[in-house]
Amino acid sequence: MTTPVDHTVADGKLPGWLGVVQLAVSIVVVALALSLVILPSINGIVAPAVVPMVVGYAIVFGLPSALFAGLMWGARWRVALLTGAALGAFPAGLAALAGAGPLGFLFMSTIGAATGIAAFALARLQALPTILYRGRHRVFAGLFGTILVIVFAIAGTAVALRMIAGPKDLSCHNLGRHGGRSFSVAMIATLPTSEDQWPKVRATLAEVAAKQGWSLRDYTRDRSLGVVICQEPGTQISIQQWTWTDQPEPALKISVVAPQGGEAWRASTLRLLGSLDDSLPGHLKLEEHYPSVARAPPSAATKPGGQRRPVDSK
């Protein structure tokens, strides 16, 4: 009678769980890298949520999808590419159903395909020690490759975050400068505006900010308008608009955060919004998140030429 042999150890064969671990590590590391690439272009209170959102999406949806696709069609680069494209297209597809255009769908599909290929390549890189080492302890060689990737990922994340953060910003543009992490929006507003009016919007904001004592930072890029203005002791106004998605009524999206609390922020904010409203033909609409009722900007009661244009409030 022969004694049963553990072929995993005796023949150097690798257990299935090792491949799952390596795949999971690859997906998380690639998602983390993607979120760190995106993070510098995100401004405002949503920035801290970027990393957990991207990594969480990769874990909840990416790992099960990758395992299913691998079991069905094998661990091939083509499978990784298509799976990544599908995962990237999914949220963009939901946005498309809600009325967004096809450009966002195409962009997210491309990003997803690239991350799928990157995760596939990283998983193969982790398996490299098991290819080079053919002895009895190939499992430990595989774990060594995975641990090495994790160590480099942690070190790279620390370096990237330090580079992104740079010197601590103690100005009113940094809402978390005093340690706060959660800030509610005090007011939101919309102002119908087309892309050809962006130069006028930016010029008006720069002029008004200089006159009324606001600090301005312009993050405008191709197809994306982004201006943030703030004033001590902490009021911050974000003005944004994108053109890469179809919008039934293109408009500036304006949000106001007042981490200092109280009501002192209101008068200066409404005065600035009123000046912006006066310079554009659109009709400013306000919506308060504070308990009190929204008030119209003082200078927005009339448009140039004497035509009365009251500000909507909800």
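The values are calculated or read from the model by the stated rules, or taken from the named source; none is laboratory data. These numbers were taken from a predicted model, which means no experiment stands behind them. Here Cβ is always computed from backbone atoms with ideal geometry, including for glycine, and neighbour counts include all displayed protein chains. For the accessible areas, the whole protein counts, side chains as well, though only heavy atoms, and no ligand, DNA or RNA atoms are used. Shrake-Rupley method; radii C 1.70, N 1.55, O 1.52, S 1.80 Å.
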Only residues in region 150-161 that are assigned to a helix (DSSP H, G or I) count as the first member; pair them with residues that are surrounded by 14 or more Cβ atoms within 10 Å (Cβ to Cβ), Cβ under 7 angstrom, at least 6 apart or cross-chain, and list the lot. ILE150/VAL25; ALA153/VAL29; ALA153/LEU32; THR157/LEU32; THR157/LEU36; ALA160/LEU36
Could you please find all residues in region 226-249 being assigned to a loop (DSSP other than H, G, I, E, B) and open to solvent by less than 60 Å² (accessible area, probe 1.4 Å)? GLY234, THR243, THR245, GLN247
Restricting attention to region 263-281, does a residue exist that is surrounded by 15 or more Cβ atoms within 10 Å (Cβ to Cβ), among the small types (Gly, Ala, Ser) and modelled with pLDDT under 85? yes
Between ILE131, ILE154, which is open to solvent by 70 Å² or more (accessible area, probe 1.4 Å) and either closer than 13 Å to VAL25 by Cα or at pLDDT 85 or above (or both)? ILE154
Among the residues of region 207-225, are any at pLDDT 90 or above, assigned to a helix (DSSP H, G or I), hydrophobic (A, V, I, L, M, F, W, C) and open to solvent by 20 Å² or more (accessible area, probe 1.4 Å)? yes
Those residues of region 190-224 which are of a type in the set (Phe, Trp, Tyr) and over 22 Å from ASN174 (Cβ atoms), in sequence order: TRP198
